[in-house]
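The values are calculated or read from the model by the stated rules, or taken from the named source; none is laboratory data. Note that this is a predicted model, so its numbers are computed, not measured. Positions of Cβ are backbone-derived with ideal geometry, glycine not excepted, and every protein chain shown enters the neighbour counts.
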Amino acid sequence: MIKKQLAQLGVVFFFFAVALPAYADQRQSATALMTPSNQAMQNDMSLNPALFWMMDGEALWGNRSNPAGKACADCHQDVKKSMKSVAATFPKRVNGKLLNLEGQINQCQTSRQQSPAFAYESKNLLSLSTLIAYQSRGLPIAASIDPAIEPDYRKGQSLYFQRIGQLNLSCAQCHDDRAGLRLASSTIPQAHPTAYPIYRIEWQGVGSLQRRLRSCVSAVRAEQYAYGSPELLALEFYLMRRANGMQVESPGVRP
Amino acid sequence: MSRSSRAVVTMPKTAKKGEVFSIRAIVQHDMESGFRHTEQGERVPRDMIRSFVCTYNGNEVFKADLHSGVASNPLFIFYAKAEQSGNFEFKWQGDNNYLTVVNQAITVA
């Protein structure tokens with residue numbers, strides 16, 4: 001009897017040992033779809049144009065010219081130490097509310113530095129988020145799996161599978177069902193947000209994950225969700241959790 | 001008064017005589033082509049870097065003229081041969097009094 005149970009257990013363990021890594025291997029960052037020269041541009045920070053946003057971010061990190069007279073560095077000290085792996089955990093719940101990295105930066109900006117919030121996609125906000133995201137480069141994405149955050153996860157998930165727009169397409173129809181196939185000349189990626197903020201060559205500048213999501217929404221001819229809206233936040237969280245364990249590559253370069 | 005921006009040059013600080021090494025020079029610039037229009041239909045004026053010159057102890061080793069097809073934040077990668085210790089000067093010049101100069105010293109053993 002015990003022998004039989006042990007044998008069954010063995011089968012179960014065998015299943016996990018084989019099946020789980022196989023599942024993990026199927027996930028692929030869009031970096032793998034790029035040309036070697038674009039990959040080099042992303043990985044080598046002396047070639048990556050997002051470098052300039054990082055330098056601007058470093059200047060802002062030490063900037064005290066706000067009503068509170070406080071720089072980011074006055075509370076958080078060295079960005080390389082204090083912000084290590086921080087970006088890999090966003091979006092997360094802060095005081096019961098889902099917040100992404102940009103939202104957290106703006107919360108510091110308005111409360112601690114008593115200044116108006118940075119506009120979404122403004123150079124200052126992107127510079128700070130690029131600087132902070134870079135401190136997680138090479139570390140695994142670690143979005144929360146706390147039961148308290150499940151409603152946000154489920155909301156993001158349902159949006160991901162929701163058909164929208166005149167083209168009547170869901171995110172999943174391209175990025176799950178047709179990932180690896182081609183849309184015009186480009187390969188459809190699996191939509192893992194491993195490298196945001198990204199320097200997109202088409203944009204000729206750095207943009208956030210929400211900018212990317214909004215372009216997708218407009219491409220299926222749906223009404224765009226507003227920047228910082230609950231919909232985009234939930235989608236952002238769902239995608240990050242879907243990529244849990246994958247390496248952060250921020251700031252990425254994309255064609 | 002000229003406008004300037006950030007530029008980053010990556011090259012070795014020391015080299016052996018006769019050694020060929022690579023230089024990377026990237027500069028922050030939006031490179032407005034002059035062909036774009038705002039949503040109101042107004043033309044966005046051209047604002048580009050027009051030339052990039054690299055000199056090694058006063059001798060020109062690399063030069064490029066830039067035109068409207070060049071991407072923003074242009075990056076140049078080129079090679080130079082170490083002859084003697086001295087200075088590399090990198091100079092970007094462009095519209096609206098744009099000027100950025102970076103100097104980098106090299107020791108040739």
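Check every one of the helices (runs of 4 or more DSSP H) wholly within the stretch A:131-237 and list those with 2 or more residues that are of a type in the set (Val, Ile, Thr) and under 20 Å from residue A:253 (Cβ atoms). Working first, answer last.
Numbers: elements: A:150-161, A:171-175, A:209-219.
Here the list is empty.
This table checks each residue for (1) of a type in the set (S, T, N, Q); (2) crowded, with 16+ Cβ neighbours inside 10 Å; (3) in contact (Cβ under 8 Å) with a residue 40 or more places away in the chain.
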site	(1), (2), (3)
A:66	yes, no, yes
A:79	no, yes, yes
A:141	no, yes, yes
A:144	yes, yes, yes
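For the stretch B:22-43, what are the residues that are assigned to a strand (DSSP E or B), surrounded by 14 or more Cβ atoms within 10 Å (Cβ to Cβ) and not charged (D, E, K, R)? Correct list: B:23, B:25, B:26, B:27.
Scanning the stretch A:65-88 for residues that are over 19 Å from residue A:55 (Cβ atoms), in contact with a helix residue (DSSP H, G or I) (Cβ under 9 Å, 6 or more places away or on another chain) and assigned to a helix (DSSP H, G or I) gives A:75, A:88. Just so you know, in the stretch B:3-31 the residues that are over 12 Å from the mean Cα position of the chain (by Cα) and of a type in the set (A, V, I, L, M, F, W, C) include one that is nearest to the other protein chains (Cβ to nearest Cβ), and it is B:31. Checking the stated criteria, residue A:126 turns out to be part of a helix (DSSP H, G or I) and either of a type in the set (Val, Ile, Thr) or modelled with pLDDT of 95 or more (or both). Considering only residues in the stretch A:192-206 that are surrounded by fewer than 20 Cβ atoms within 10 Å (Cβ to Cβ) and at negative phi, the one that is nearest to the other protein chains (Cβ to nearest Cβ) turns out to be A:201.
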